[in-house]
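The values are calculated or read from the model by the stated rules, or taken from the named source; none is laboratory data. All values reported here derive from a predicted model rather than from experimental measurement. Heads up, the Cβs are rebuilt from the backbone with ideal geometry, glycines too, and the neighbour counts pull from every protein chain shown. The area values use the complete protein model at the heavy-atom level, side chains included, leaving out ligands, DNA and RNA. Shrake-Rupley method; radii C 1.70, N 1.55, O 1.52, S 1.80 Å.
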Amino acid sequence: MAREFKIHNNLTRKKEAFEPIEAGKVKFYSCGPTTYDFLHIGNARALVVGDLFNRVLKAFGYDVTFVRNYTDVDDKIIDRAKELKRDAIEHAAIFVKECEKDMNSLGMMPASFTPKVSETMPEIIQMIQDIIKNGSGYVVDGEVLFNVPSFPEYGKLSKKDLDSLQHGIRVEVDQKKKNPADFVLWKPAKPGEPSWDSPWGKGRPGWHIECSAMAKKFLGPTLDLHHGGVDLMFPHHENEIAQSEAANKCPFCRNWAHNEFLNFGSEKMSKSLGNVIKIRDFVEKYGGQVLRHVLLSVHYRARLEWSDEVIQRALDEVKRIHEFAIESKGYVATSSGPCDPEIEKCIEKMMDELSNDFNSAGALGQYFSFLRYAKGNKDNLTDASLKQIHLTNKFIADALGLINQDPQAVLAQLHAFEQDTSDSGVDAAWIESLIEERKVAKTAKNWTRADEIRKELTAKNIVLKDNPDGSTSWKIQG
Ligand code: AMP
Ligand code: ZN
């Protein structure tokens, strides 16, 4: 851990040196999904970014305790279960299982703890009692509310000013509230809804308190890192801070990181907008490694605009990575000399990128330069270089979770997909071979042939795109 690890901390809005409370140990919490339906690929972005943080910190030698919750008590779950005439907790349990299947298909490393709200009631109730005892909570008709003005630092994460928040919300929204910005910690039971006994009568927790209680249960009162989608910064994370700091009387979390949205047609992919692609459907068609690759090929703080081009590029890159994994297994040492410096440097370069605010896109770029170099020099490899190639592939498998499935199986699925596209009138292999030929023509500066190939493909409605890393992707003109 000699290298400095930097994280963009949303509490300060600055990239800062990461310094865990206890040297070498990281207490990390990530807000997990609400389990009422199948997850979409926007949810997958949040999940894969949480997994990236966990993997990278581990690859850097930190001892990480990673908690990612399941929200299994929530209005959306209750409403859906009612529609299906099913018990709400049972309905949520079905989708916890489905969610786990999706996470496996995305090559996610298991978290240290994956608590559910329904299994954390004693801790939630205890925390609400602490908040009341410390003067930040009040009870009205079986409902417990957080008194926001009692916590003067409210707004420190989202940079919202309490005064304008108080005036921006109309009071008549909820007569029980003493102040417009107050939020619910515990709500009384309604008939037919899941409920638990509490000092305030039967009821269930508000949404925000679960994360404060679960984080404390498994990680203690102060965390090193907290993550979630950017939409959770306000009010969810702001409320988590207020609750935890009011209850525990100490800072809640030192670093806050939020992933940007995955957008579809310039809008956030979300169930309420109806523009979702389910993880399940995407994975069935292309495989989980392709989705994971798309999600990691963009920095987590940058927006990801979903497009055919993005998919096509990932297909091409996943293929190259896995072909290389197979091919490099068969590489034979040509001497026992020292490691080729170009090959030796790759892990270091990837680590430089990843220690710079988890820059997975930068690390992938380094990996592709390495891959091209190693392929180009395969007849010139020493024993030490071969070992380093395998270590580099292991590093990308551990730190990014890529190449963590059987490469033959990944390629077989891609091949089947290409076969399907060719059945629909497009011969992917033919296109790929022309792209290869064009590359050779360009290297030989035979621009006439290179242009001819592009025109030949355009005539068949195939559009080529030359990528900055030297590869060429293609798509069918819509
Ligand atoms: P939800 O189940 O809606 O609470 O969302 C679970 C997680 O997915 C949260 O961290 C959200 O911020 C995240 N999320 C939902 N939609 C998107 C999206 N389109 N892009 C990125 N993250 C998302
Ligand atoms: Zn949360």
Tilt of helix 428-443 relative to the longest C-alpha principal axis of the chain, in degrees (0 to 90, nearest 10)? 70 degrees
On a 0 to 90 degree scale, rounded to 10, what angle separates helix 407-423 from the longest Cα axis of the chain? 80 degrees
How would you rank 10-22, 192-204, 43-55, highest first, on the average number of other Cβ atoms within 10 Å across their residues? 43-55, 192-204, 10-22
Fraction of antiparallel bridges per DSSP, the chain only, in percent to nearest 5: 50 percent
Based on the alpha carbons, how large is the Rg to Rh ratio for the chain when Rh follows Kirkwood? 1.03
Would you compute, from DSSP H runs of 4+ residues alone, the mean residue ellipticity of the chain at 222 nm, taking -39500 (n - 2.57) per run and dividing by the full residue count, rounded to the nearest 500? -14500 deg cm²/dmol
In the full protein assembly as shown, how much of Val140 is accessible to a 1.4 Å probe, in Å² to the nearest 10? 40 Å²
Cα-Cα over 21 Å: which of Lys217/Lys271; Lys176/Lys217; Lys101/Lys319; Lys116/Lys187; Lys15/Lys268; Lys15/Lys217? Lys217/Lys271; Lys176/Lys217; Lys101/Lys319; Lys15/Lys268; Lys15/Lys217
Where trypsin sites (Lys or Arg not before Pro) fall in DSSP loop in segment 436-478, at most 12 other Cβ within 10 Å: Lys445
Could you work out the pair-distance distribution P(r) of segment 120-217 from its alpha-carbon pairs, with 5 angstrom bin width and percents rounded to whole numbers? 2, 13, 22, 24, 19, 12, 6, 1
Both in Å, the radius of gyration and Dmax of the C-alpha trace of segment 264-411 are 17.1, 61
Relative to the first principal axis of the alpha-carbon coordinates of the chain, what is the inclination of helix 41-59, with its axis defined by its Cα atoms, in degrees from 0 to 90 and to the nearest 10? 80 degrees
Please report the base-10 log of the normalised intensity I(q)/I(0) for segment 1-78, using a Debye sum with one equal scatterer per alpha carbon and no solvent, at each q in 0.19, 0.21, 0.23, 0.26 (1/Å). -0.91, -1.02, -1.13, -1.29
Once phi is turned into ³J(HN,Hα) by the Karplus curve 6.51 cos²θ - 1.76 cosθ + 1.60 with θ = phi - 60°, what whole-Hz value does each residue of segment 62-69 show in order, with x for glycine and proline? 6, 8, 9, 9, 10, 10, 10, 8
Please express the Cα-Cα pair-distance distribution P(r) of segment 6-259 as a list of whole percents, one per 5 Å bin, running from 0 to the bin with the greatest distance. 1, 6, 13, 17, 19, 17, 14, 8, 4, 1, 0
Computed over segment 1-145, the distribution of all Cα-Cα distances in 5 Å bins, rounded to whole %, is 2, 8, 14, 16, 15, 15, 14, 10, 5, 2, 0, 0
